[in-house]
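Asks: Once you've had a glance at the structure underneath, I'll fire off some questions.
Each value in this text was obtained by applying a stated rule to the coordinates, not by laboratory testing. Everything numeric in this text was worked out from a predicted model, so none of it was measured.
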């Protein structure tokens, strides 16, 4: 017998509450970290949508890199591109 349950699709773009859950931090903590420049990712804006979204792939890479400061992360991203 095969398993008929569909795989849960992981979103490519994450909201702030999803980022907080992923990093296991409270929302106010996220905003404090972001305000100091310690959160390296920059948000993605889709057209005129006001929702703040972040790339899951970039978040995974950011965590693997040890969560560097925003300036360092942006520099590291430029160095990673071919």
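Asks: Between 29, 15, 48, which gets the highest mean-square fluctuation from a Gaussian network model of the chain, Cα cutoff 10 Å?
Replies: Answer for the Gaussian network model of the chain: 48.
Asks: What shape does the chain have by the C-alpha gyration tensor, where a ≥ b ≥ c are the square roots of the eigenvalues, rounded means a/c under 1.5, and otherwise prolate means a/b greater than b/c and oblate the rest?
Replies: The shape class here is prolate.
Asks: So what's the back-of-envelope 222 nm ellipticity for the chain, counting only DSSP H runs of four-plus at -39500 (n - 2.57) apiece and dividing by all residues, rounded to 500?
Replies: -13500 deg cm²/dmol
Asks: Would you mind telling me which residue in 68, 43, 28 has the biggest mean-square fluctuation in a Gaussian network model of the chain, where springs connect alpha carbons within a distance under 10 angstrom?
Replies: Top of the fluctuation ranking is 28.
Asks: Springs between alpha-carbon atoms under 10 Å, Gaussian network over the chain: tell me which of 14, 42, 59 tops the mean-square fluctuations.
Replies: 42
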